[in-house]
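The structure appears right after this line, and notes come after that.
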Amino acid sequence: MTKNKRILITGVAGSIGSELARQLCKNNKVFGIDLNESGFFDIQQETGIFGRVGNITDEKTCFDIFSDFKPQIVYHAAAYKHVPLMERYPIEAIQTNVMGTWNVIKEAKNWECLEKFVFISTDKAVQSTSIMGATKRLGEILVKNQGKRFVVVRFGNVLGSRGSLMQIWQKQMDEGKKLTVTDEKMERYFMTIQDACYLVIRAGEIGGGGEIICLDMGKKYNVQELALDILNKCGKSGEIEIIGKRPGETFTEEIMFEEEKTRAEKIEDFYIIKNGI
């Protein structure tokens, strides 16, 4: 496990960023940045990390952070993630997921203290037709093409993350409502926040630079079958409501492109894809 490092976490108030802070703060000096003032306050009070409220789309903010803190490891988790919202406001996705990412990359490259830059991506970047997925794919390309010290980590849906399926279903069960499912054919990969963050940290340790590291997500789950299983295990007699596929969504998601599968090397719980020509 990473120890005695100066670590910067962007998007530290988010589900992944805050769990990274929890796992890393005991043995490292952690600095976080997030635009969410209340969320940042909460994780700072909980963990005692350093940090500031700010936006990665502001170049001066990025300069100030790196010049003051001089991080050795960067976990770049800041991003807009909700597919239907980003379909409606694509400029926001581009400004944060692409231009914000580029701001953090540019600043990181200016400091010799940098040992590793880990970009947290998503399976929605693979063969995506959504704005959110496309911007995350552009982020992947920007990061992996920096070569040494820059690594991409890609994984699927995180159970319990803010605004995730499980949170929506829990609220619906609490209110005695039907569980909503977009389509009977919808299937997804799932993992816990804790497992995702542990594997992100480990992937950052084993990645040399220029790779995309895909976490082994196991099997996909049919979303409707998962909803029924949850109802049965909770002893609920609720019903399922099919609401239809939303803008930008796909019926299934993949962790790797077909071409990437031919180059992927399995190590521990990861598929490591070195930068192609």
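The values are calculated or read from the model by the stated rules, or taken from the named source; none is laboratory data. Since this is a predicted model, take the numbers as computed values, not measurements. Quick reminder, even Gly has a Cβ in these numbers, built from the backbone with ideal geometry, and neighbours come from all protein chains shown.
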- Query: Which of the residues that make up the stretch 3-16 are part of a loop (DSSP other than H, G, I, E, B) and in contact (Cβ under 8 Å) with a residue 60 or more places away in the chain?
  - Reply: LYS5, GLY11, VAL12, GLY14
- When only residues in the stretch 1-16 that are within 23 Å of PHE63 (Cα to Cα) and surrounded by 19 or more Cβ atoms within 10 Å (Cβ to Cβ) count, which is modelled with the lowest pLDDT? GLY14
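Per-residue answers, yes or no, for (1) crowded, with 19+ Cβ neighbours inside 10 Å; (2) in a helix (DSSP H, G or I); (3) among the hydroxyl-bearing types (Ser, Thr, Tyr); (4) on the phi > 0 side of the Ramachandran plot:
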{"site": "SER18", "(1), (2), (3), (4)": "yes, yes, yes, no"}
{"site": "ALA21", "(1), (2), (3), (4)": "yes, yes, no, no"}
{"site": "ASN27", "(1), (2), (3), (4)": "no, no, no, no"}
{"site": "PHE31", "(1), (2), (3), (4)": "yes, no, no, no"}
{"site": "SER38", "(1), (2), (3), (4)": "no, yes, yes, no"}
{"site": "ASN55", "(1), (2), (3), (4)": "no, no, no, no"}
{"site": "CYS62", "(1), (2), (3), (4)": "yes, yes, no, no"}
{"site": "ILE65", "(1), (2), (3), (4)": "yes, yes, no, no"}
{"site": "ASP68", "(1), (2), (3), (4)": "no, yes, no, no"}
- For the stretch 76-92, state whether one or more residues are farther than 20 Å from LYS3 by Cβ, β-branched (Val, Ile, Thr), in contact with a helix residue (DSSP H, G or I) (Cβ under 8 Å, 6 or more places away or on another chain) and at pLDDT below 95. yes
- Which pairs have Cβ atoms under 7 Å, sit 6 or more apart or on different chains, and link a residue in the stretch 187-200 that is surrounded by fewer than 17 Cβ atoms within 10 Å (Cβ to Cβ) and in a helix (DSSP H, G or I) to one that is of a type outside the set (S, T, N, Q) and at pLDDT 85 or above? GLN194/GLU19
- Message: Here's a check for you: in the stretch 122-153, which residue that is within 17 Å of LEU8 (Cα to Cα) and either outside any strand (DSSP E or B) or not hydrophobic (A, V, I, L, M, F, W, C) (or both) is nearest to the chain's Cα centre (by Cα)?
- Response: VAL143
- Message: Quick check on the stretch 201-216. Is at least one of its residues in contact (Cβ under 8 Å) with a residue 60 or more places away in the chain, β-branched (Val, Ile, Thr), within 30 Å of ASN27 (Cβ to Cβ) and part of a strand (DSSP E or B)?
- Response: yes
- Does ASN145 count as in contact (Cβ under 8 Å) with a residue 12 or more places away in the chain, farther than 26 Å from THR250 by Cα, of a type outside the set (Phe, Trp, Tyr) and touching an Asp or Glu at 6+ places or on another chain (Cβ under 9 Å)? no
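Taking ARG154 as the residue in question, decide whether it is out of contact with any strand residue (DSSP E or B) (no Cβ under 6 Å at 6 or more places or on another chain) and not small (Gly, Ala, Ser).
No; evaluated as a whole, the condition is false for this residue.
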- Task: Go through the residues of the stretch 46-53 one by one and say whether even a single one is in a helix (DSSP H, G or I) and either surrounded by fewer than 20 Cβ atoms within 10 Å (Cβ to Cβ) or not basic (Lys, Arg) (or both).
- Result: yes
- Query: Restricting to strands (runs of 3 or more DSSP E) lying wholly in the stretch 220-277: which have 1 or more residues that are acidic (Asp, Glu) and touching a residue at least 40 places away in the same chain (Cβ under 8 Å)?
  - Reply: 240-242
- Can you spot a residue in the stretch 155-163 that is touching a Cys at 6+ places or on another chain (Cβ under 8 Å), within 15 Å of HIS76 (Cα to Cα) and in contact (Cβ under 8 Å) with a residue 24 or more places away in the chain? yes
